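Below you'll find the structure, written out as structure tokens, and then a few comments.
What follows is calculated from the coordinates using simple rules that are stated; it is not laboratory data. Fair warning: this is a prediction, and the values are worked out from it, not measured in the lab. Here the Cβ positions follow ideal geometry from the backbone for every residue, glycine too, while neighbour counts run over all protein chains shown.
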Amino acid sequence: MFNWIKRFNFGGGFRGSLNKNGLGFSWGIPGIRIGISPSGYKWIYITIPGTGIGFYKRFSKINRSRKFKSVKEKEISWKELK
């Protein structure tokens, strides 16, 4: 199987990554990084810098297809307006 990834460093601790699943984003400082994966999962990575020791936790998937419920306007007849 063939995989690819392209990473972007935008500065200020903000990074992006593009792979076959889509676009992901993360933000962090040395030792802690939080992000959203291309597949929609929120995650956090906590590490001891320079040691290779770290903890990774993946949280629930973000439902990107969720739509806001529109508020239905009440139909008013002309008789009610008079």
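Placing dummy labels 7 Å off each Cα toward the beta-carbon, the span from TYR41 to PHE14 is 2.5 nm. Once the chain from ILE29 to PHE2 is taken as fully extended at 0.36 nm per residue, the excess over their C-alpha distance is 6.6 nm.
Here the Karplus curve 6.51 cos²θ - 1.76 cosθ + 1.60, taken at θ = phi - 60°, turns the phi angles of the stretch 4-16 into couplings of 9, 8, 10, 10, 10, 10, 8, x, x, x, 9, 10, x Hz, with x standing for Gly and Pro.
Within the shell defined by Cβ-Cβ distances under 13 Å, the residues around ASN9 carry a net charge of +4, with Lys and Arg each +1 and Asp and Glu each -1. Packing order of peptides 31-40, 1-10, highest average first: 31-40, 1-10 (average count of other Cβ atoms within 10 Å over each peptide's residues). Of the residues GLY52, SER26, SER39, the one whose Cα sits farthest towards the positive end of the charge dipole of the stretch 5-62 is SER39 (charges of +1 on Lys and Arg Cβ, -1 on Asp and Glu Cβ, taken about the Cα centre). Counted over the stretch 5-62 with a bin width of 10 Å, the fraction of Cα pairs per bin, in whole percents, is 24, 51, 25, 0.
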